[in-house]
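Before any comments, here is the structure.
FYI, it's all coordinate maths here, none of it is from the lab. Since the model is a prediction, treat every value here as computed from it, not as a measurement. Here the Cβ is made from the backbone with ideal geometry for all residues, glycine too, and neighbour counts use every protein chain on show.
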Amino acid sequence: MILMNDFRAESAEVQAAMLQGVQRVLSSGWYVLGEEGRRFEQAWAARCGMAEGVGVGNGLDALEIGLRVLGIGPGDEVITTPMTAFATVLAVQRAGAIPVLADIDPRTGLLDPVSVKRCLSPRTRAVLLVHLYGQLHAPGEWQALCRTQGLYLLEDCAQSHLARWDGQSAGSFGEFGAYSFYPTKNLGAAGDAGMLVLHDPQMAERARCLRNYGQSERYHHPELGMNSRLDEMQAALLLARLPFLAHWTARRQAIAARYRAELQQSAVRLLAAPAQGQSESHVYHLFVIACAQRATLQAHLTAAGVQTLCHYPVPVHQQPPATDWPRDPAGLLHAERHAAQCLSLPCHPGLSDGEVERVIAAVNAFCG
Ligand SMILES: Cc1ncc(COP(=O)(O)O)c(C=O)c1O
């Protein structure tokens, strides 16, 4: 079976680097909030072109802490997309605020600014972009919209490690970028991990306090926080994997280029290619196609030995806890159609050229 992800296919070089990291942590005898975490925070913030990185337990907590640091809470509305991992909206709810769902642009699956404008209200405090599938798109237009409306721009970067627009990194366009390092992400740990990247050292200090019970110094709690600390083992593993990330990203982009060039588009539709001159803006966390006969295509691919997944089969507003959440009064029809048709093909950096050819042949056999 050609899998969506296959960590066993990783090279001996990567595994050796990770083992060295594990060994370093065990020898140090220090397991939570230490030198490895600080080094990874600095390294990742630098890769994002940001002044501060605050390592946390996962991407969900990175988002919640970021919202709380900005004082976004009860009574406030945050406009975001229904086509995302549920964690995006769960973070808004957990901060005490209200997620307001705008529709997507069907060409990319990303938030549609026209729909966002229909969702504005006097309670709107922020627009939370999700760089879905690895796509960073037109951040300058979002900055302009938020500036005009007096809103914070926030970035969920769980799927967009190393994505750049005009050379500027995902996570650096708004108040914060929230990263997940869940194992399947483009940069993944061997467990849960996340990071908030910020411009402002004072906001970073507050985030450090919130991730550690709201503790400013040992046993002093100026506010109520949570336990969401990036542990030393995951930080060391991420530091070990970081030097390989650029190469992995280039491999994902090369696989995507072959899919774009060779997949027949009769029964399936490809999402839009990156904008002209912005080849770095898509890091292909997922390669997603759309197909009106998705269930039949998926069964055909499984029979041909190709695993696929749907990201995401049920949009946020159709999940039971979200049925009465506010949304675009014009409806969320593009998100609903996308949810019914989207299909993710294997696109991880460990795929061989032969496997990529087999995926293409299997999809084209369905189209033919
Ligand atoms: C878009 C998006 N946001 C947030 C998250 C949450 O990250 P984590 O699983 O690390 O909490 C994920 C991960 O699934 C994601 O894909």
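Counting neighbouring Cβ atoms within 10 Å and putting the fewest first, the residues Glu357, Glu10 line up as Glu357, Glu10. Label point of Val114 set 7 angstrom out along Cα-Cβ; within segment 317-356, amide nitrogens under 17 Å from it belong to 328-338. DSSP beta bridges confined to the chain are antiparallel in about 60 percent of cases. Separation of segment 1-34 and segment 194-230, taken as the distance between their Cα centroids, equals 27 angstrom. Taking the fewest neighbouring Cβ atoms within 10 Å as the starting point, the ordered list for Trp30, Trp142 is Trp30, Trp142. With a cut-off of 18 Å on the backbone N, the residues of segment 324-368 near the modelled label site 7 Å out from Ser266 along Cα-Cβ are 360-368. Projecting the Cα atoms of Leu153, His317, Ala85 onto the charge dipole of the chain (Cβ charges, centred on the Cα centre) puts His317 farthest toward the positive pole.
Starting from the Cα of His247, step 7 Å toward the Cβ, then list every residue of segment 314-351 with an amide N under 16 Å from that point. From segment 314-351, the list is 349-351.
Here the label points at Met4 and Leu333, each 7 Å from Cα along the C-beta direction, are separated by 2.9 nm in the simple model. Note on Gln318 and Ala51: with the Förster distance fixed at 51 Å, the Cβ-Cβ geometry gives a FRET efficiency of about 0.80.
Given the -39500 (n - 2.57) contribution per DSSP H run of 4+ residues, what per-residue ellipticity at 222 nm results for the chain, rounded to the nearest 500 deg cm²/dmol? Per the formula, -11500 deg cm²/dmol. Here the simple spin-label model places points 7 Å from the Cα toward Cβ, and for Phe86 and Asp166 these points are separated by 3.9 nm.
Here the simple spin-label model places points 7 Å from the Cα toward Cβ, and for Arg147 and Ala254 these points are separated by 3.9 nm.
Among Thr88, Thr81, which comes first, then next, by fewest other beta-carbon atoms within 10 Å? Ordered by Cβ neighbours within 10 Å, fewest first: Thr88, Thr81. Here the calculated FRET efficiency for Ala299 and Gln20, from their Cβ-Cβ distance with R0 = 41 Å, stands at 0.40, rounded to the nearest 0.05.
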